[in-house]
């Protein structure tokens, strides 16, 4: 199964003008591939993910998933959001079973599978807790378990680790790599973090803003599981950062006051021209 | 108390007189009959208002056109004290049970439907998006996500509806009933027996609070526990 994005454009009409959030995007995501979509804020990367999910409609173009055109959201393209989006009225285990219950899977099978995925994210001890009793990282792991139970070949992730602290984040990144190796899902992962993209993905798509297009594609051919302190990763990240920086500055120029330039304060100096204080 | 002589006993009754009257009312069975008559009315009236309120609320949530046109009207009707409907009610149904039940229903229906409407409109949209990507749609989406997610505000709406219904019942019974707590209170007034009035007032408060605590209070505590709303 593969996901094909064909000539997808999305535009919003505001009071003053027309904004092209996405402009003629053509990408193919292959079966079992881990792809990161990387871009500055406001480049339309989340919009693209929502269109693939079927939560938003493209203005023109179409998305084909498994040979069928995407019309609406469905369990074959399950999404993990930046917030866990767990239901506070259900216990952890019932949250994990939620999608399977909708699919009409019998209770014993549901329970068994939910426990299996909870074990995968190391949270079986908390299965009878309510959501508010868990920490942010634990909630996101429950959301991951819930997404995995759907057995969809495509897993869409919209900056799922962005709101977590960096220690929790790096543990989850490592776990996600392992889960991906075990389950061989096609993961489409949206992020604004270059290191995260390089750490996780087979292929990184760098997006540009205004209009939103895919600017460049990077293939990351490094052994897994990858560690964040790897030198090759840093080298690749720097490479991608160069590409991304231009876009970030473009967005910043449009958003910040007119007197802002990125060239300013390359060297930090204090008023005494003393650059050696504290050495 | 008697030696103080702060006011005359027929202005404000002494606690002893109130409890003696209360005991007499219980002993001769008139209080029991009154409570049963009132309970029957409020169960029918409040039950009807829940059914109608939920239907009206759901319809408004579902159709934006109706929402824009009906919401101000419903809000207006909600501010109208339900006893104002009594003349109409007597005109339509006559001096009988139906007239009082109508007043009760009118009194609490709109509170329920407003609660349903605002509860469902204020759901975190992320819940619905997440449920949709897991394959929820149509009736399933309502049953598994929209209703449980709006339950906290639905319960507080039902609770508010209950207190409106209770007030409407008493007002209705005081004016046009031959049985019931409100009528016993009015008998007290007619016989200038202020301790009977006070005794019935006590019973009304106790029953109102009792239902509130035993039914709605328990549901609310359960919801607050699940959602973690007590942690603040």
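The values are calculated or read from the model by the stated rules, or taken from the named source; none is laboratory data. None of these values were measured; they are calculated from a predicted model. Because the Cβ atoms are built from the backbone with ideal geometry, glycine has one as well, and the counts that use them run over all protein chains shown.
Some notes on this structure:
- Number of positions in segment B:130-141 that are within 7 Å of chain A (Cβ to nearest Cβ) and surrounded by fewer than 17 Cβ atoms within 10 Å (Cβ to Cβ): 1
- Condition check for residue B:73: more than 17 Å from the chain's Cα centre (by Cα) and in a loop (DSSP other than H, G, I, E, B): no
- Condition check for residue B:91: away from chain A (no Cβ under 14 Å), assigned to a loop (DSSP other than H, G, I, E, B) and over 17 Å from the mean Cα position of the chain (by Cα): no
- Condition check for residue B:230: in a loop (DSSP other than H, G, I, E, B) and either within 14 Å of chain A (Cβ to nearest Cβ) or closer than 26 Å to residue B:153 by Cβ (or both): yes
- Hits in segment B:34-67 - residues which are assigned to a helix (DSSP H, G or I) and either over 25 Å from the mean Cα position of the chain (by Cα) or surrounded by fewer than 14 Cβ atoms within 10 Å (Cβ to Cβ) (or both): B:36, B:43, B:51, B:62, B:64, B:65, B:66
- Failed criterion for residue A:140 (all others in (1) within 14 Å of chain B (Cβ to nearest Cβ); (2) under 26 Å from residue B:138 (Cα atoms); (3) assigned to a helix (DSSP H, G or I) hold): (2)
Every residue, every condition in (1) in contact (Cβ under 8 Å) with a residue 40 or more places away in the chain; (2) in a helix (DSSP H, G or I); (3) surrounded by 19 or more Cβ atoms within 10 Å (Cβ to Cβ), yes or no:
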site	(1), (2), (3)
A:162	yes, no, no
A:178	yes, yes, no
A:181	yes, yes, no
A:189	yes, no, yes
A:196	yes, yes, yes
A:199	no, yes, yes
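- The set of residues from segment B:5-33 being outside any helix (DSSP H, G or I) and buried (at least 17 other Cβ atoms within 10 Å of the Cβ) comprises just one member, B:13.
- Here residue A:236 does not fit the description of being at pLDDT 85 or above, over 24 Å from residue A:49 (Cβ atoms) and surrounded by 11 or more Cβ atoms within 10 Å (Cβ to Cβ).
- Segment A:114-136 residues that are within 13 Å of another protein chain (Cβ to nearest Cβ), paired with ones that are assigned to a helix (DSSP H, G or I) and surrounded by fewer than 20 Cβ atoms within 10 Å (Cβ to Cβ) (beta carbon under 6 Å, 6 or more apart): A:130/B:226
Let's see how each residue does on (1) away from every other protein chain (no Cβ under 14 Å); (2) surrounded by 17 or more Cβ atoms within 10 Å (Cβ to Cβ); (3) outside any helix (DSSP H, G or I); (4) at pLDDT 90 or above:
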site	(1), (2), (3), (4)
B:161	yes, yes, no, yes
B:178	yes, no, yes, no
B:198	yes, yes, no, yes
B:201	yes, no, no, yes
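- Restricting segment A:151-160 to residues that are surrounded by fewer than 21 Cβ atoms within 10 Å (Cβ to Cβ) and modelled with pLDDT under 90 leaves a set whose member that is farthest from the other protein chains (Cβ to nearest Cβ) is A:153.
- The set of residues in segment A:64-106 that are free of Cβ contacts under 8 Å to residues at least 12 places away in the same chain, over 25 Å from residue A:47 (Cα atoms) and either away from chain B (no Cβ under 11 Å) or not in a loop (DSSP other than H, G, I, E, B) (or both) comprises A:94, A:101, A:105, A:106.
- Selection of segment B:81-126 for residues being surrounded by fewer than 20 Cβ atoms within 10 Å (Cβ to Cβ) and under 30 Å from residue A:53 (Cβ atoms) yields B:118, B:121, B:122, B:123, B:124, B:125, B:126.
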